[in-house]
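Some notes on the structure that comes next.
Nothing in this text is a laboratory measurement; each read-out follows from the coordinates by a stated rule. In this text the structure is predicted, and so the values were computed from the model without any measurement. Here the Cβ positions follow ideal geometry from the backbone for every residue, glycine too, while neighbour counts run over all protein chains shown.
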Amino acid sequence: MKRSTGVWLALLLTFVFVVPRAGLAEDLSAAQLGALESNGIPLYPGASYTTGDDSDAMIMWFKSTDSPDKVMDWYKDQLSDWFEMDANGSRVIYKGPEGIKVEDLSVNAHIWARTTDESGVSVDTEITIRIPN
C-alpha cells in the first residue's frame, strides 16, 4: 500500500511540476526558445503561450492569471540587471543602458504585462516579451 501511494505521489508531482513547463516549451519554436535563452529571459511560471510574431522582432505573448504587478515583480527579481521604466502608464523592464527613452525601447529586449480587460472583470494578464532581431 505504501509503495502504491508513493508511485501516485510521484506521478502527481511530475504532472504538476514538469508537464506544464514541457507543454509551454513545446509550443515555442526553436527560434523563440533560442531568443529567450540568449537574452537570459525565463518563462513566467504557470503562464501559457498564446501567440508570437517574428516579422521585425521576436515577439511572444503569454497569458497568466496572476496580476500584472506580480508578473513584473517576478521578472524584475529574475532579471535584476535589467532596468525599469514607466512607458505610457505600464511598467516595462528592459535590457540595455539605463535611462533610455520610451521611443528607444524597440532596439532593446523588453517585457511588460497588462490586464487584458480594462473593466477589471478579467483575471487574465497578458505578458509581452519583445526581442529585437
Exercise for the section: Would you calculate the separation in nanometres between label points at Asn133 and Ser106, each defined as 7 Å from the Cα along the Cα-to-beta-carbon direction? Expected result: 1.3
Handout entry: Relative contact order (%) - the range 39-133, alpha-carbon pairs under 8 angstrom, separation at least six
Key = 32
